[in-house]
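The values are calculated or read from the model by the stated rules, or taken from the named source; none is laboratory data. Please read these numbers as outputs of a predicted model, since none were measured by experiment. Note: ideal-geometry Cβ built from the backbone for every residue, glycine included; neighbour counts use all protein chains shown.
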2 protein chains.
Amino acid sequence: MKTDPAPRRKTGRPLSFDRDAALEKAMLAFWESGYETTSISDLTAAMGVTAPSIYAAFGDKKRLFLEAMRRYAGDPGDLEKAFARAPTARDAVADMLENAATLYTGDVTPKGCLLASAAATGSKDAADVREAAAKERRAIRAIIIARIEQDIERGLLPPDTKSRVLADLALAVTQGMSVLARDGADRDTLLAVAKASMVGWPSPIVGRNAV
Amino acid sequence: MKTDPAPRRKTGRPLSFDRDAALEKAMLAFWESGYETTSISDLTAAMGVTAPSIYAAFGDKKRLFLEAMRRYAGDPGDLEKAFARAPTARDAVADMLENAATLYTGDVTPKGCLLASAAATGSKDAADVREAAAKERRAIRAIIIARIEQDIERGLLPPDTKSRVLADLALAVTQGMSVLARDGADRDTLLAVAKASMVGWPSPIVGRNAV
DNA sequence: AGGGTTCCATAACGATCAATATGAAACAAG
DNA sequence: CTTGTTTCATATTGATCGTTATGGAACCCT
């Protein structure tokens, strides 16, 4: 059930560039400079592909960005699986924040979070792009909430646990860490923030028959 | 010690628009749509002032934005005073987060935070504008840290209180709430996030001779 | 070798960008 | 009323924006 990995051209001149590698470069460019503020000229330079080839391969700038954003965000199902694998919702969120802190301070990638910065604001023309980014965030939020409520149902968290508040806080800290990273905060600083943001979680209910 | 309120023109044609009101409109436009993604054409429409008048009154787009941003952020001294007035650092930060949650969900202003969204990313040309926004954030961070350390010195907080971590967390939550607000979160949601983000603060040391 | 098809590089499209040149209009002072 | 000064509205600047038309080049199939 993969998205057609190679349409297998039967005829015509073969593609002279690696579409996947070019998309990766585009993603990095958008990550660095944002959607509207990254020009086609910037993209041709970053991707090593001329403008007509970009349009032939990706449609237009908007679709290229959306594809780059999906590549950045990854399959939501993967996050869901990771959340399902984690022993508790708390562990899952802690991992998510830790991964974000690490990702935002990579030395080979731009600082911060593409989802947080690339479409933080913009003109009316780009409203649908911002909405697409918001949709990604909402998907993450839904996964967090669902995992917390699963723990509540299993008796691992108190019934009065505020699942939405905890999820919103995790999301806010994630997006906020992006700003800190852009401002130059190092990895340890973000990891400390991530950890500090989780002390509000209710104490887990330890199962009597465990161990 | 106010910034000259009216240079008192002695001669020539008088200004036909209210400079201060126009700046306010520009601030709202940048708040809504960001620095680079708000065009001069957008600004003339929002401000009700023609382009040459904008350039005469504010210099260029960059200086107009910087002035609008200073207007948005207000005098850092005011925040410092508010922090000094608060009974504890914890109260000061709680107030700051609460005010942010309220500001970001105003119904007469754009959603979110101008400092967080207007210069979250952008082209190389606007690097200095982003740096100016970062400087504002660093100033806020410094004020928070100083106030926390003041409480530590006064014995209101444990000596091992992580002042920088708490300040970074507060800043991250503030900037993160801006994203939530832009995504449509309501005021109560943000207020709940703000409150939840503060439970990690160490218990205050109650003075024996108080009361 | 000769179609058929697809991609490449070059160059250009109209639109919009930030910023100004120009000259008339509106005021104060003499 | 004239002169000096400043702002006004109009129109335009060169540059860059996203996008595309054009024609040759590179490949598969017969």
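Condition test on residue A:68, is it aliphatic (A, V, I, L, M), under 15 Å from the mean Cα position of the chain (by Cα) and either within 16 Å of DNA strand C (Cβ to nearest atom) or within 30 Å of residue B:127 (Cβ to Cβ) (or both)?
Values: aliphatic (A, V, I, L, M): yes; under 15 Å from the mean Cα position of the chain (by Cα): yes; either within 16 Å of DNA strand C (Cβ to nearest atom) or within 30 Å of residue B:127 (Cβ to Cβ) (or both): yes.
Yes.
Candidates are the residues of the range B:126-142 that are touching a Ser or Thr at 6+ places or on another chain (Cβ under 9 Å) and touching a residue at least 60 places away in the same chain (Cβ under 8 Å); the one that is nearest to the other protein chains (Cβ to nearest Cβ) is B:126.
Considering only residues that are assigned to a loop (DSSP other than H, G, I, E, B) and within 10 Å of DNA strand D (Cβ to nearest atom), which ones fall in the range A:22-77? Before the answer, list the steps.
Of the residues in the range A:22-77, the ones assigned to a loop (DSSP other than H, G, I, E, B) are A:34-39, A:48-50, A:59-60, A:74-75.
Result: A:35, A:36, A:37, A:38, A:39, A:50, A:59, A:60.
Does residue B:105 fit the bill of being buried (at least 16 other Cβ atoms within 10 Å of the Cβ), over 22 Å from residue A:36 (Cβ atoms), polar (S, T, N, Q) and in contact with a helix residue (DSSP H, G or I) (Cβ under 7 Å, 6 or more places away or on another chain)? Yes; evaluated as a whole, the condition is true for this residue. Evaluate the range A:51-68: report whether one residue or more is at positive phi, surrounded by 14 or more Cβ atoms within 10 Å (Cβ to Cβ) and either touching a residue at least 24 places away in the same chain (Cβ under 8 Å) or away from chain B (no Cβ under 14 Å) (or both). No, because not a single residue in the range A:51-68 is at positive phi, surrounded by 14 or more Cβ atoms within 10 Å (Cβ to Cβ) and either touching a residue at least 24 places away in the same chain (Cβ under 8 Å) or away from chain B (no Cβ under 14 Å) (or both).
On the given criteria, is residue A:11 within 14 Å of chain B (Cβ to nearest Cβ) and within 12 Å of DNA strand D (Cβ to nearest atom)? It is false that residue A:11 is within 14 Å of chain B (Cβ to nearest Cβ) and within 12 Å of DNA strand D (Cβ to nearest atom).
So which residues in the range B:158-193 are more than 9 Å from every other protein chain (Cβ to nearest Cβ) and within 27 Å of the chain's Cα centre (by Cα), if there are any at all? Spell out the reasoning first.
So the first thing to find is which residues in the range B:158-193 are more than 9 Å from every other protein chain (Cβ to nearest Cβ), and the list is B:158-161, B:163, B:167, B:170, B:181, B:186-188, B:191.
Of everything in the range B:158-193, those that are more than 9 Å from every other protein chain (Cβ to nearest Cβ) and within 27 Å of the chain's Cα centre (by Cα) turn out to be B:161, B:163, B:167, B:170, B:181, B:186, B:187, B:188, B:191.
Test residue A:197 against the stated conditions and say whether it is surrounded by 16 or more Cβ atoms within 10 Å (Cβ to Cβ) and of a type in the set (S, T, N, Q). Criteria met by residue A:197.
Condition check ((1) hydrophobic (A, V, I, L, M, F, W, C); (2) at pLDDT 95 or above; (3) surrounded by fewer than 15 Cβ atoms within 10 Å (Cβ to Cβ); (4) in contact with a helix residue (DSSP H, G or I) (Cβ under 7 Å, 6 or more places away or on another chain)) across all residues:
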| residue | (1), (2), (3), (4) |
| --- | --- |
| A:124 | no, yes, yes, no |
| A:130 | no, yes, no, no |
| A:133 | yes, yes, no, yes |
| A:137 | no, yes, no, yes |
| A:151 | no, yes, no, yes |
| A:155 | no, yes, yes, no |
| A:163 | no, yes, no, yes |
| A:178 | no, yes, no, yes |
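Scanning the range B:42-64 for residues that are closer than 22 Å to residue A:125 by Cα and either among the hydroxyl-bearing types (Ser, Thr, Tyr) or outside the structural domain of residue B:32 (by TED's automatic domain parsing) (or both) returns a single hit, B:44.
Using the structure shown, decide if residue A:150 is away from chain B (no Cβ under 13 Å) and on the phi < 0 side of the Ramachandran plot. I'd like the intermediate steps shown before the answer.
Details: away from chain B (no Cβ under 13 Å): yes; on the phi < 0 side of the Ramachandran plot: yes.
Judged against the criteria, residue A:150 is a match.
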